[in-house]
Amino acid sequence: MDKILFSSVSKKFVMALAGMFLLLFLPVHLVINLMLLKDDPEPFNTAARFMASFPVIKIIEIILFAALLIHLSYGIYLQIQNWLARPVGYVAGNRSETSFFSRFMIWTGLSILTFLVLHFFNFYFIRLGLVPGDPENFYSTAHALFKIPAYNYIYLTCFVLLGLHLFHAFSSAFHTLGLDHRIWTPVVKVFAWIYSIVIPAAFAIIPLSIWLSR
């Protein structure tokens, strides 16, 4: 039983479930962030206060952090397992489009993690009172950050990498969960392309719009 529960296959299955939950969260976060494009700061600040205080959201936040931690730790563990099991690099003739994305998942994932740490310091830790800032006016905080060129470069680069990560993650999760189907798998791949382009692009529009309108 322990071999089944703690096998690589089980870890991939749990990691896929956690990843799917994170995929559902991104559009919600995007809708809130799009309020930063309004001239009036109140809608965004109201949404931020709601997300910080509503009990149901707090429960979802705990689940979200758990999903992120599981997805991250299992991803790193499985990648290290793969490296140890395959010390010699892939033979060029065996490389495929899928393996290309798969080989770089660990690096795109770690790049996203780096951005999340930065994001937590600029927003979440302010809300917790761990770093100085005004938790009642995240609108001004975001606008100030998006007018810094270096921050925008980091932000935009991370969302390009996020798009690469999302494409493989979406398709891989369906495969891991055993949802492959002769008809639906091609549809999932098309949706994965759309999702991995539209979501990061929409996030990228926000800092670009604020930066260029300064």
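The values are calculated or read from the model by the stated rules, or taken from the named source; none is laboratory data. Just so it is clear, the structure is predicted and the values come from calculations on it, not from any experiment. Because the Cβ atoms are built from the backbone with ideal geometry, glycine has one as well, and the counts that use them run over all protein chains shown.
Just the residues that are closer than 21 Å to Leu34 by Cβ and either touching a strand residue (DSSP E or B) at 6+ places or on another chain (Cβ under 6 Å) or among the hydrophobic types (A, V, I, L, M, F, W, C) (or both), please, taken from the stretch 127-153.
Once the filter is applied, which keeps residues that are closer than 21 Å to Leu34 by Cβ and either touching a strand residue (DSSP E or B) at 6+ places or on another chain (Cβ under 6 Å) or among the hydrophobic types (A, V, I, L, M, F, W, C) (or both), the stretch 127-153 yields Phe138, Ala142, Ala144, Leu145, Phe146, Ile148.
Go through the stretch 43-59 and count every residue that is touching a residue at least 12 places away in the same chain (Cβ under 8 Å) and either among the aliphatic types (A, V, I, L, M) or not in a helix (DSSP H, G or I) (or both).
Residues of the stretch 43-59 touching a residue at least 12 places away in the same chain (Cβ under 8 Å): 44-45, 47-49, 51-52.
Those still in the list that are either among the aliphatic types (A, V, I, L, M) or not in a helix (DSSP H, G or I) (or both) too: 47-48, 51-52.
Within the stretch 43-59, residues that are touching a residue at least 12 places away in the same chain (Cβ under 8 Å) and either among the aliphatic types (A, V, I, L, M) or not in a helix (DSSP H, G or I) (or both) number 4.
Name the residue, out of Asp39, Asp2, that is modelled with pLDDT of 80 or more, of a type in the set (D, E, K, R) and out of contact with any Asp or Glu (no Cβ under 9 Å at 6 or more places or on another chain).
Going through Asp39, Asp2 in turn, just one is modelled with pLDDT of 80 or more, of a type in the set (D, E, K, R) and out of contact with any Asp or Glu (no Cβ under 9 Å at 6 or more places or on another chain): Asp39.
Which members of the stretch 17-41 meet the condition of being more than 20 Å from Ala204 (Cβ to Cβ) and part of a helix (DSSP H, G or I)?
Leu17, Ala18, Gly19, Met20, Phe21, Leu24
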